[in-house]
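So the structure is just underneath, and the comments pick up after that.
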Amino acid sequence: MMGASRTLVLMYHQIEPSGVPDGWVPNALADARYGVGLSDFREQMDIIRDRKIPVVRLSDCLEGSAGSREPLSIVVTFDDGYASDLELAAPILEKLGIPATFFLTTGHLDRPGMLTGNQARDLARFPHFELGSHGVTHRFLSHLSPEDLFRELQDSFGTISELSGSKHVSLSAPGGRTSPLVARAVEEAGFRSLCTSRPGLFLDGGDRFSIPRLPIMKNPSISHFQALLDPNSLSFRLDSWVRSSKNLVRTALELPRTKTGRKER
């Protein structure tokens, strides 16, 4: 069976427990702007289910085995590896039958607010969930020297393979920072694909080492979230334009650092 012709890849981070104050984060790695409240997340997943948009794991999308050919499918992803992946998101996803891909920062496992190694294994046991890599240290891959990039990729690949029991591992670039050099290194390290923060849709036959994603931010209105699920909507096109413009500016500002190979931290 052929996969969907277009795939919208959603990018989540931490899910906020009910009752936390404004600006709450589980730890210093997290950015409060990306914290989606538990009730908002539940409503968003209900919307996806009710609209009957096919939802698949990233690996199924890459295999083209998601099912019948549809005009649009969705992939739900989570970055960083917060404890809320298992404690808050997983029960909702499992109840609704929504698959998901969880990208873990392997060097942050077992830290406060993050998944433990055993919790990561528990996630991997869900039949519709899968683990991916978000690097080891969360340093921006495009800022690393070739030697550090090699170690970051090899070490994270090995940890995710051990936790998931699979050699089919995809990677999400920390901060969305990537480059042709990074993409080539990711492929050579044996990863199956590379997810970015580039706006747009992943098309059949597209570059699997430059997969676009749509970040879901804090407190989106329901109408705005619904519009973002429609690639033909003004909200989706405006979001893509704004993020493309920001990425161009950011790339221009970071180019000298990338050329010198200096690290983010």
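The values are calculated or read from the model by the stated rules, or taken from the named source; none is laboratory data. Everything quoted here is computed from the prediction, not taken from an experiment. When we count neighbours, we look across all protein chains shown, and the Cβ atoms used for this are built from the backbone with ideal geometry, even at glycine. Surface areas here come from the heavy atoms of the whole protein model, side chains and all, with no ligands, DNA or RNA. Shrake-Rupley method; radii C 1.70, N 1.55, O 1.52, S 1.80 Å.
Observations
- Helical segments meeting 24 Å axial Cα length and Kyte-Doolittle -0.5 threshold in the chain (DSSP H): 146-164, 234-260
- Percent accessible area from carbon and sulfur atoms, the chain, protein chains only, probe 1.4 Å: 54
- A simple rule links phi to the HN-Hα coupling: the Karplus curve 6.51 cos²θ - 1.76 cosθ + 1.60 with θ = phi - 60°, which for the range 214-222 gives 10, x, 9, 9, 5, 6, x, 5, 4 Hz, with x for Gly and Pro.
- Ranked by the mean number of other Cβ atoms within 10 Å of their residues, highest first, the peptides 126-135, 111-120, 221-230, 195-204 fall in the order 126-135, 195-204, 111-120, 221-230.
- Distance from the range 98-116 to the range 75-93 (C-alpha centre basis), Å: 8
- Where only DSSP H runs of four or more residues are counted, the chain gives -11500 deg cm²/dmol as its mean residue ellipticity at 222 nm, each run worth -39500 (n - 2.57).
- Looking at the chain, the accessible area is 46 square angstrom per residue; that uses a 1.4 Å probe and ignores ligands, DNA and RNA.
- Restricting attention to the chain, close to 10% of DSSP beta bridges with both partner residues there are antiparallel.
- Only Cα pairs under 8 Å and 6+ residues apart enter the sum, and on that basis the relative contact order of the chain stands at 20 percent.
- Close amide H partners of Leu214, meaning residues 5 or more places away or on another chain with modelled amide H under 5 Å apart, are Val9, Leu10, Met11.
- Hz values of 3J(HN,Hα) by residue in the range 21-37 - Karplus curve (6.51, -1.76, 1.60), Gly and Pro given as x: x, 4, x, 5, 9, x, 5, 5, 5, 6, 10, 4, 5, 9, x, 9, x
- Rg then Dmax, both in Å and based on the Cα atoms of the chain: 17.3, 49.
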